[in-house]
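This report concerns only the one structure given below.
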Amino acid sequence: MRLKWEQFFLGLLLIAAVVWAENDDYEAEVDVLEETNTDSKTKDNKSTFQVTYKTPVTSEEAYFADTFDRGNLDGWVLSKTKKDDADEDIAKYDGKWAVEELMENKVPGDKGLVLKSKAKHHAISALLKKPFVFKGEPLIVQYEVNFQNGIDCGGAYLKLLSHTEDLKLEEFFDKTPYSIMFGPDKCGEDYKLHFIFRHQNPITGEYEEKHAKRPDIDLKKFYTDKITHLYTLVLNPDNSFEMLIDQTVVSKGNLLEDMTPPINPPNEIDDPNDSKPEDWDEKLKIPDPDALKPEDWDEDAPAKIIDPDAVKPEGWLHDEAEYISDPSAEKPEDWDEEMDGEWEAPQIPNPKCETAPGCGVWEPPMMSNPKYKGKWKSPMIENPNYQGVWNPRKIQNPNYFEDLQPYKMTPIIAIGLELWSMTSDILFDNFIICAERKVSDQWAADGWGLKKLVATANEPGVLGQLTTAAEERPWLWIIYILTAVLPLGLIVLFCWPSKKSDDAAEYKKTDAMQPDVREDQEDEEQEEVMDEKKECNDLTKEADDDENIGEGSQEDDDEEEEEEEEDDEEANKSKSASEDEMKEADEGAGSGDCSTKLIRKKKVRKE
């Protein structure tokens with residue numbers, strides 16, 4: 001019984017391990033739960049953990065920085081144009097912007113730029129303090145995003161606008177030239193982190209968008225946890241790049257190797273003027289020209305035929321219809337035969353057919369035709385004239401170029417947000433564009449670091465987070481139950497095993513003999529009796545011989561009696577005592593008993 005319980009608990013443990021290992025979403029949730037646990041709770045969407053906030057001070061070396069703590073949009077320009085290729089009623093960039101505090105986990109004194117409108121186009125931009133020219137220093141772009149109401153469909157990415165002569169911020173729209181686009185985007189269940197840059201073809205002068213590969217991690221929690229997250233792009237002069245979320249690298253690569261489509265075109269291309277010869281044979285197999293259709297092959301035979309052995313079941317109601325008009329149906333009072341036509345009662349299954357094999361005209365069932373073979377086709381054989389798959393010849397690519405420094409993009413002059421969202425209250429904060437990592441890290445510590453501290457302190461305890469996770473994923477309750485019950489079951493199983501009755505201990509409490517011991521003792525006694533009987537027979541025979549010998553010895557003693565009187569007297573005394581002992585033995589054991597004979601024999605031998 002104990003072995004069965006061990007197998008049961010081990011089976012539960014295996015099921016729990018499989019469920020934990022197969023679900024990546026749950027692992028992501030655990031990462032959140034492993035953060036600092038605290039008993040602090042948020043009340044009325046206000047922070048219960050207070051910090052001293054001071055507006056981050058921008059470095060003079062930064063190309064752009066804005067905290068919005070001043071409470072207004074000074075320096076930013078709202079677009080007044082319309083979006084191309086959009087319906088007139090939604091083409092205008094009339095989405096509202098505001099500067100507000102966070103809705104949850106507030107940091108006193110900290111404000112951000114908030115996208116306020118739902119299902120609207122938004123566009124806002126600001127000039128850099130000085131243009132950023134890609135000449136040899138890294139480009140670092142960093143800002144914060146908080147999807148305060150989650151996100152259904154929309155983006156929170158920014159654009160670094162190219163330095164052009166005709167740039168007008170009040171006319172900023174989707175076609176405005178940009179050098180880099182970076183940030184989160186989501187629609188449906190597709191969670192993205194964009195890094196796109198526009199590369200100029202040095203031969204044609206045309207621009208083409210190049211997309212970085214997607215991050216390998218699950219980005220969903222950054223869009224759903226309603227926590228402020230920090231997005232960073234680092235682009236180095238050696239063409240390497242990194243994308244970070246909350247100062248953790250989520251994707252990295254090289255502009256020359258990890259962009260789609262590639263920066264540099266292939267050196268050779270297919271000749272567009274080359275064509276496949278008419279006699280080119282690229283068929284691997286062909287029908288056997290020597291094959292003949294067998295004479296007994298009937299192509300006209302049907303696949304199904306009527307079963308000749310089928311017989312109509314007994315009791316088949318040939319004259320009854322399968323469906324009849326409902327006798328209880330009544331024509332509606334408002335039925336107009338001129339408008340609705342002649343009224344007919346609805347059809348119902350014929351009740352007489354419920355107990356019968358069937359109703360109506362009986363038709364024998366169809367069966368597969370054993371003679372059916374279908375259309376005859378010649379078997380396929382290897383093509384003796386096969387020439388392989390034809391490919392056009394290669395020629396030098398007339399548009400080939402090799403750009404080994406795609407980092408050197410069009411200089412940047414402004415930063416802009418051009419977005420469409422089906423969710424409102426997306427907060428942006430603490431934009432910075434600089435060239436030194438220490439500057440961006442300090443900027444993050446002074447701003448985002450405090451937000452993270454407050455959000456972590458206000459997170460519910462582990463129990464609250466587990467409950468929240470189970471509300472989104474009900475199957476997690478099974479994991480919780482197994483996790484709680486399984487250790488207790490194992491402890492009870494191994495530390496307090498089921499008590500077995502000890503038969504030996506029960507017999508020790510009394511003088512009663514155990515059944516197995518009694519059986520062994522009886523076997524031993526039986527063996528002793530058999531051995532005693534055998535020995536008794538042998539001794540009886542010896543005793544008889546000794547008696548005969550004793551009589552002969554007595555006659556010799558009589559002849560020498562005179563010479564040994566003293567010895568005879570002593571012998572007679574001993575014999576008298578022996579006789580008394582043998583008599584007593586006879587009385588106790590009975591005459592003829594083997595034990596008596598043994599005693600007598602011993603006495604005789606002794607004498």
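What are the semi-axes of the equivalent ellipsoid of the range 351-419, taken as the square roots of 5 times the eigenvalues of the Cα gyration tensor, listed largest first and rounded to whole Å?
Numbers: eigenvalues 1036, 304, 11 Å².
So the equivalent ellipsoid measures 72, 39, 8 Å along its semi-axes.
Only Cα pairs under 8 Å and 6+ residues apart enter the sum, and on that basis the relative contact order of the range 71-222 stands at 19 percent. Note on Ser325 and Lys175: their simple-model spin labels are 7.0 nm apart, each label 7 Å out from Cα toward Cβ.
Using the Cβ-Cβ distance between Ile305 and Val389 with R0 = 60 Å, the FRET efficiency computed as 1/(1 + (r/R0)^6) comes to roughly 0.85.
The residue among Ser325, Asn254, Ala212 whose Cα reaches farthest toward the positive pole of the charge dipole of the range 198-349, with charges on the beta-carbon of Lys, Arg, Asp and Glu, is Asn254.
Add +1 for every Lys or Arg and -1 for every Asp or Glu among the other residues with Cβ under 9 Å from the Cβ of Pro392, and state the total.
On the way: positive: Lys276, Arg393, Lys394; negative: Asp270, Asp271, Asp274.
With Lys, Arg at +1 and Asp, Glu at -1, the net is 0.
About the centre of its Cα atoms, the range 192-292 shows a dipole size close to 1100 debye [charges on the beta carbon of Lys, Arg (+1) and Asp, Glu (-1) only; nearest 20 debye]. Size descriptors for the range 344-463, from the alpha-carbon set: Rg then Dmax equal 39.0, 91 Å. Using a probe of 1.4 Å on the protein chains alone, the accessible area found for Arg473 is around 40 Å². For a test of the definition: using alpha carbon positions, the gyration tensor, and the 1.5 limit on a/c, classify the range 316-399 as rounded, prolate or oblate. Here the range 316-399 falls in the oblate category.
In this rough spin-label picture, where each label sits 7 Å from Cα along the Cβ direction, the Ile217-Glu363 distance is 6.6 nm.
Per residue, how big is the convex hull of the range 43-158 when only Cα atoms are used? Give it in Å³. List each step's numbers first, then the result.
Details: hull volume 18.4 nm³, N = 116.
Considering the Cα atoms of the range 43-158, their hull volume per residue is 159 Å³.
Here the range 288-446 is treated with +1 on each Lys and Arg Cβ and -1 on each Asp and Glu Cβ, and its dipole about the Cα centre works out to around 2020 debye. Computing FRET efficiency as 1/(1 + (r/R0)^6) for Val133 and Asp274, where r is the C-beta to C-beta distance and R0 is 35 Å, gives about 0.20.
Ranked highest first by the average count of other Cβ atoms within 10 Å around their residues, in what order do 197-204, 357-364 fall? Before the final figure, lay out each step's value.
Details: 197-204: 15.4, 357-364: 13.5.
By packing density, highest mean first, the sequence is 197-204, 357-364.
Would you mind classifying the range 292-351 by shape? Square roots of the alpha carbon gyration tensor eigenvalues, ordered a ≥ b ≥ c; an a/c under 1.5 is rounded, otherwise it is prolate if a/b is larger than b/c and oblate if not. Can you show the working numbers first?
Details: a/c = 7.66, a/b = 2.30, b/c = 3.33.
Oblate shape, in that a/c is at least 1.5 and b/c is the bigger or equal ratio.
When only the Cβ of Lys, Arg, Asp and Glu is charged (+1, +1, -1, -1), the dipole of the range 78-164 relative to its Cα centre reaches about 400 debye.
Count charges around Ile412 for me, please; just the other residues with Cβ under 11 Å from its Cβ, Lys/Arg as +1, Asp/Glu as -1. Don't skip to the end; give the middle numbers.
Numbers: positive: Lys130, Lys159; negative: none.
So the environment of Ile412 carries a net charge of +2.
When Phe401, Phe494 are compared by accessible surface with a 1.4 Å probe, the order from highest to lowest is Phe494, Phe401. Taking the average, over residues, of other Cβ atoms within 10 Å as the packing measure, peptides 85-95, 376-386 rank 85-95, 376-386 from highest down. Distance between the modelled labels on Asp89 and Gln347, one decimal in nanometres: 4.6 nm (7 Å Cα→Cβ projection).
With viscosity 1.306 mPa s and temperature 10 °C, the Kirkwood radius over alpha carbon pairs of the range 91-157 converts through Stokes-Einstein to a diffusion coefficient of 107 µm²/s.
Trp420 sits with roughly 80 Å² accessible to a 1.4 Å probe, with DNA, RNA and ligands left out of the calculation. Give the value in nm², to one decimal: projected area of the alpha carbon convex hull of the range 231-324, averaged over all directions. It is 24.4 nm².
Cα-Cα over 19 Å: which of Lys213/Lys451; Lys120/Lys175; Lys192/Lys221; Lys83/Lys220; Lys120/Lys192; Lys80/Lys186?
On the way: Lys213/Lys451 30 Å; Lys120/Lys175 17 Å; Lys192/Lys221 12 Å; Lys83/Lys220 29 Å; Lys120/Lys192 21 Å; Lys80/Lys186 26 Å.
Over 19 Å apart, Cα to Cα: Lys213/Lys451; Lys83/Lys220; Lys120/Lys192; Lys80/Lys186.
As a ratio to 2.2 N^0.38 Å, the alpha-carbon radius of gyration for the range 98-209 is 1.25.
The values are calculated or read from the model by the stated rules, or taken from the named source; none is laboratory data. Model, not experiment: these values are computed from the prediction. Cβ coordinates were reconstructed from backbone atoms using ideal geometry, including for glycine residues, and neighbour counts include every protein chain displayed. Remember, those area values only see protein heavy atoms, side chains included, never the ligands or the DNA or RNA. Shrake-Rupley method; radii C 1.70, N 1.55, O 1.52, S 1.80 Å.
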